[in-house]
Amino acid sequence: ARLKTETGDLDTQIEALLTPDQKAAYASYKQDEAAHYARWAASAATAELQGNLNLTSEQADRAFAALYQVTLAEYTSRDKSGPTGGEELRARRMDQQTKALESVLTPAQLESYRQINATQSNSVGDLSSKMEGGSGSK
């Protein structure tokens, strides 16, 4: 964030160096990059859901589609606004994914998904606290 403030928006800087044809190609590249990341993230999340919640093949297809849309929207908005804090971003992502999966998962699966997310959030918070506590004494 500090670098962005001091130097300005990286995309603007890159575009200032490009010809009009290169600018069009760069915009296409950014869209392709966002779609690639969203496919990868949605695929990984769907595989995790499949392993944890025993999704049917129809549920897996629908979960992938829902998670792809959420991830693409998040990645595109983050690209425009820059990243936010880790905990805030993680909480927002979990909330958006949970909402997207509400129409895909059964009530029991959704409850299990929420419990898994809560456990992961607590584990990440505990790890962050331990790392912060240990770094000050060294």
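Descriptive notes on the structure:
- Members of region 55-83 found to be open to solvent by 60 Å² or more (accessible area, probe 1.4 Å), over 11 Å from the mean Cα position of the chain (by Cα) and at pLDDT below 95, listed by number: D79, K80, S81
- Residue check, R39 open to solvent by 50 Å² or more (accessible area, probe 1.4 Å), in contact with a helix residue (DSSP H, G or I) (Cβ under 7 Å, 6 or more places away or on another chain) and at pLDDT 95 or above: yes
The values are calculated or read from the model by the stated rules, or taken from the named source; none is laboratory data. This one's a predicted model, so the numbers in the text were calculated from it and none came from an experiment. Heads up, the Cβs are rebuilt from the backbone with ideal geometry, glycines too, and the neighbour counts pull from every protein chain shown. For accessibility, only protein heavy atoms count, side chains too; no ligands or nucleic acids. Shrake-Rupley method; radii C 1.70, N 1.55, O 1.52, S 1.80 Å.
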